[in-house]
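Right, one structure below, let's go through it.
The values are calculated or read from the model by the stated rules, or taken from the named source; none is laboratory data. Nothing here was measured: the structure is a model prediction, and the numbers come from that model. Glycine gets a Cβ as well: all are built from the backbone with ideal geometry, and neighbour counts include every protein chain shown. Surface areas here come from the heavy atoms of the whole protein model, side chains and all, with no ligands, DNA or RNA. Shrake-Rupley method; radii C 1.70, N 1.55, O 1.52, S 1.80 Å.
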Amino acid sequence: MSTTILGIESSCDDTSAAVITDGILRSNVIASQKVHEQFGGVVPELASRAHQQNILPVVSEALRQAGVSASDLDAIAFTRGPGLLGSLLVGTSFAKGMAIGLDIPTVDVNHLHGHVLSHFIKETEDQEVPEFPFLCLLISGGNSQIILVRSPFDMEILGSTIDDAAGEAFDKCAKVMGLPYPGGPHIDRLATEGNPEAFKFAKPHIPDLDYSFSGLKTSFLYTIRDNMKLDPDFVEHHKADLAASLQKTIIDILLDKLAKAAKQTKAKAIAIGGGVSANSGVRNAIEDFCRRHSIKAWIPKRSFTTDNAAMVAIAGYFKYQAGDFCSLDMPPYSKVEV
Ligand code: KG4
């Protein structure tokens, strides 16, 4: 008997639905919301309204592309949190309503678990997936964590950001440079043309495996402010060098703690996940680090790094197999640790 799961993701500004049968991806449809660009960040109320408009067509398209009908589904997995409450409510209510109509169970998924488990999305039968345990560097707009993953259900956070996340550092510094939101991909593109040694920004000195990015943000801001006194067009004249130096500093900070964690846990494999793992510099640096230390690197496909329902469906598939279902009175939650 095969198992077909519909995954629904609506935690922030992407409405996504995906279908997975026995761990193999059959469709993954994502509707991104452009409406936030003009505001320089996600506007929660606009996000939830856009989810309401998008969810039905996105789910229908995911079923159509997968070649299945609703009656073929065994369960519906949905992101229950963390994220924006209004946005989560749309996906959660839709998933529950559809499951009641079809008389099938729902499976609630922690969005962060989804990012970690995205490495188990198979596009072909013989695709290799990580073996447990492995270390996961989860870097997104809201989180920067080093996680020891012992099983799909047993994840221990070894380190976390104490202030901003890596994605926030990219986005906030990009905003200071006048780049559109989200700034991460723009910094990534500009960095390829700049000199990563051109500017030196502050690096944190905090104990253990925790991260901090707020000092870097302040030092980036001061560098720009001080130099603009001499050259009002400083940012325009140096944008590639600023981007390359910023990206290098973020990578150095990420790698410093990851290397410590790898040593402490004698890691044999390291995976990365979350929006910032789409960054070319981050991907190259992790691959290079793993090669030098004979560690297996798991670098996700770019389409599985940012918010997507395929990762929700695969996390839901693991929980479905374990018989771990969600009761209909479980509400969404905005904040949670892994
Ligand atoms: O995981 P994600 O899609 O969403 C949440 O955190 O909810 O991550 C979004 C973050 C944003 O901060 C965005 O700027 C960053 O991922 N990002 C990147 C790149 N692509 C997305 N940062 C650096 N380089 C990229 N290529």
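The figures follow:
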{"item": "Residue 255 vs. criteria touching a Cys at 6+ places or on another chain (Cβ under 6 Å) and open to solvent by less than 40 Å² (accessible area, probe 1.4 Å)", "result": "no"}
{"item": "Qualifying positions in segment 41-61 - closer than 30 Å to residue 168 by Cβ, in contact (Cβ under 8 Å) with a residue 40 or more places away in the chain and part of a helix (DSSP H, G or I)", "result": "44, 45, 47, 48, 51, 55, 58"}
{"item": "Only one of 180, 185 that is within 16 Å of the ligand (Cβ to nearest atom), at negative phi, part of a helix (DSSP H, G or I) and open to solvent by 60 Å² or more (accessible area, probe 1.4 Å)", "result": "185"}
{"item": "Test: residue 243 is crowded, with 18+ Cβ neighbours inside 10 Å, in contact (Cβ under 8 Å) with a residue 60 or more places away in the chain and outside any helix (DSSP H, G or I)", "result": "no"}
{"item": "Residues of segment 104-157 satisfying the condition of being out of contact with any helix residue (DSSP H, G or I) (no Cβ under 8 Å at 6 or more places or on another chain), in a loop (DSSP other than H, G, I, E, B) and either among the acidic types (Asp, Glu) or within 30 Å of residue 71 (Cα to Cα) (or both)", "result": "104, 123, 124, 125, 126, 127, 128, 131"}
{"item": "Pairs, first under 28 Å from residue 182 (Cα atoms) and without any contact (Cβ under 8 Å) to a residue 12 or more places away in the chain in segment 17-34, second among the small types (Gly, Ala, Ser) and open to solvent by 20 Å² or more (accessible area, probe 1.4 Å), C-beta under 7 Å, six or more apart", "result": "none"}
{"item": "Residue within segment 118-125 that is of a type outside the set (Ser, Thr, Tyr), farther than 20 Å from residue 217 by Cβ and within 16 Å of the ligand (Cβ to nearest atom) present", "result": "yes"}
{"item": "Some residue of segment 266-273 being within 13 Å of the ligand (Cβ to nearest atom), in a helix (DSSP H, G or I) and crowded, with 24+ Cβ neighbours inside 10 Å", "result": "no"}
{"item": "Residue that is farthest from residue 33 (Cα to Cα) [pool: residues in segment 298-311 that are more than 12 Å from the ligand (Cβ to nearest atom) and open to solvent by less than 30 Å² (accessible area, probe 1.4 Å)]", "result": "310"}
{"item": "Segment 63-81 residues that are in contact (Cβ under 8 Å) with a residue 60 or more places away in the chain and in the same structural domain as residue 19 (by TED's automatic domain parsing), paired with ones that are in a helix (DSSP H, G or I) and among the polar types (S, T, N, Q) (beta carbon under 7 Å, 6 or more apart)", "result": "78/92; 80/92"}
{"item": "Subset of segment 95-106 [open to solvent by 50 Å² or more (accessible area, probe 1.4 Å) and closer than 17 Å to residue 80 by Cβ]", "result": "100"}
{"item": "Pair list, Cβ < 9 Å and 6+ apart or interchain, from segment 90-116 residues that are among the basic types (Lys, Arg) to residues that are within 16 Å of the ligand (Cβ to nearest atom)", "result": "96/78"}
{"item": "Residue in segment 56-69 that is under 23 Å from the mean Cα position of the chain (by Cα) and within 14 Å of residue 307 (Cβ to Cβ) present", "result": "yes"}
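So that you can scan it fast, the table gives a plain yes or no per residue for (1) open to solvent by 60 Å² or more (accessible area, probe 1.4 Å); (2) touching a strand residue (DSSP E or B) at 6+ places or on another chain (Cβ under 9 Å); (3) of a type in the set (A, V, I, L, M, F, W, C):
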| site | (1), (2), (3) |
| --- | --- |
| 61 | no, yes, no |
| 81 | no, yes, no |
| 108 | no, yes, no |
| 112 | no, yes, yes |
| 123 | yes, yes, no |
| 130 | no, yes, no |
| 134 | no, yes, yes |
